[in-house]
Structure formats: C-alpha cells, structure tokens
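The values are calculated or read from the model by the stated rules, or taken from the named source; none is laboratory data. Please read these numbers as outputs of a predicted model, since none were measured by experiment. Cβ: placed from backbone, ideal geometry, glycine included. Neighbour counts: every protein chain shown.
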Amino acid sequence: MAEEQPRRKPRIPLSPTELYYFKELKKLKQAQKLESFKASYFYKIFNRANIALAAFLSYCILSALVLNYWEKTHVASVITGYGQMDENNRRTIAELQIRTGSGEFIILHTDKLYDIPAKNQEIYLGKDFLFGKILKAKLSFDERPFWCFETYARFTVCVFALAIGLFIYQVNKHLSVNGLLVAFALFFLASLYFALV
C-alpha cells in the first residue's frame with residue numbers, strides 16, 4: 001500500500017490589519033533599500049557622470065544648431081552633384097565636395113543653390129569650440145549656413161541618445177543599476193561618436 005504524503009496546511013488569509021502592516025513593512029524595506037542605493041559610491045559616480053555627459057550632449061546639439069565660431073578660408077577645388085530641376089527649369093546643386101586651401105575636405109548638402117563656388121573664393125567654416133570639428137559652412141555669395149555631411153549623423157546620434165536617456169530617467173529616475181548603466185552607455189557612446197568621428 002502506498003504511503004500517503006502529508007498534506008499541505010491550508011493557507012490562512014491575512015486579516016485587513018495584518019495586510020496593511022505587511023504592505024507598510026514592504027514599503028519601508030523598499031525605501032531603506034533605495035536610500036542605501038542612493039548613498040552608494042556607484043550611484044553617486046554614475047549619476048554625476050550621466051549628468052555631465054547629458055550636458056556635453058546638449059552642448060553638441062547646440063553647437064550643431066547655433067554655437068560655433070566661423071573661420072575664413074578659401075576654396076581650392078570643388079566637385080558638384082546636381083539635383084532636380086526647379087520650377088524655372090534650372091538645375092539645382094544638391095551637393096558640393098569642397099577642398100579648402102587649409103587642407104580640409106567637406107561635403108555640403110545644399111538646397112536651392114545654383115552657383116558653383118569658384119577657385120580661391122572665400123568660404124566660412126563653422127567649427128565647434130571644444131574639438132574644432134567642422135559642422136557648417138557658408139559660401140561668400142550665399143548667407144545660408146549649410147550643414148556638413150557628418151553633422152547630420154552627429155546631430156542624430158546625440159538627439160537619439162538624449163531622448164532615450166531622458167525616457168529611461170522618466171521611467172525609473174535612475175534609481176536602479178540597469179537604468180543608470182544603460183543611460184551611461186548611451187551617453188558615453190554618443191559623446192565618443194561626436195568627439196572621434
């Protein structure tokens with residue numbers, strides 16, 4: 001004959017008072033865990049690093065938009081790429097590949113440009129203050145600044161990293177290890193991309 005297994009004791013539900021104290025105790029433990037996490041060196045270091053990297057990415061975005069200094073040089077050679085015909089049956093220039101007299105090579109995507117810059121004509125290069133990266137260029141006969149080809153990628157990567165980092169912050173306020181590390185990795189890689197590419 002098979003031996004009977006001892007039966008599990010029936011579960012007794014908690015009374016409303018016990019349930020209330022159980023929930024309060026759980027909240028208290030969670031708050032203590034959170035306070036000890038905030039007091040740790042890991043949190044302090046990575047949170048400050050995230051703030052510094054977010055500020056740097058904001059600088060990168062602002063430098064692509066408005067914060068840059070202009071340096072005057074001249075055109076050594078130009079290769080043009082033509083675009084579509086406009087409403088007046090004139091072909092627009094869609095791309096300029098310019099080698100400057102100081103040795104820089106830039107690719108500009110243009111809009112409604114019809115004149116080709118001549119050799120030895122002045123060109124103004126918009127550079128960021130920290131790294132001296134060429135972000136924009138202005139032609140002497142056109143007041144509009146045109147973004148360099150690499151600026152589109154730099155700007156997109158910085159905006160994407162900041163948006164995802166802010167979303168992570170909204171979700172968990174950087175109060176978990178994973179949130180801190182993911183935001184740090186995004187900010188660090190985007191900053192590295194801006195600095196090195």
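Using beta carbons and a limit of 8 Å, which pairs, at least six apart or on different chains, have the first residue in the range 115-141 and part of a loop (DSSP other than H, G, I, E, B) and the second one surrounded by 11 or more Cβ atoms within 10 Å (Cβ to Cβ) and basic (Lys, Arg)? Listed by first residue and then by second, the contacts come to Lys133/Lys127; Lys133/Arg154. Do we find a residue being on the phi > 0 side of the Ramachandran plot and of a type outside the set (Ser, Thr, Tyr) anywhere in the range 74-83? No. Would you point out the residue of the range 113-131, among those that are out of contact with any Pro (no Cβ under 7 Å at 6 or more places or on another chain) and surrounded by 20 or more Cβ atoms within 10 Å (Cβ to Cβ), that is nearest to Thr151 (Cα to Cα)? Selected residue: Asp128. Which one of these is among the hydroxyl-bearing types (Ser, Thr, Tyr), buried (at least 19 other Cβ atoms within 10 Å of the Cβ) and over 17 Å from the mean Cα position of the chain (by Cα): Thr92, Thr110? Criteria check complete, one pass: Thr110.
Only one entry in Phe22, Phe56 is surrounded by 14 or more Cβ atoms within 10 Å (Cβ to Cβ) and not small (Gly, Ala, Ser), namely Phe56.
Restricting to the range 19-49, name every residue that is aliphatic (A, V, I, L, M) and within 26 Å of Leu181 (Cβ to Cβ). Answer for the range 19-49, where residues must be aliphatic (A, V, I, L, M) and within 26 Å of Leu181 (Cβ to Cβ): Ala31, Leu34, Ala39, Ile45, Ala49.
Name the single residue, out of those in the range 12-50 being modelled with pLDDT of 80 or more and β-branched (Val, Ile, Thr), that is nearest to Ala185 (Cα to Cα). Once the filter is applied, the top-ranked residue is Ile45. Within the range 60-77, the set of residues being among the hydroxyl-bearing types (Ser, Thr, Tyr), surrounded by 14 or more Cβ atoms within 10 Å (Cβ to Cβ) and assigned to a strand (DSSP E or B) comprises Thr73 only. Considering Ala137, Ala183, Ala161, the condition of being under 17 Å from Phe105 (Cα atoms) and at pLDDT 90 or above is satisfied by Ala137 alone.
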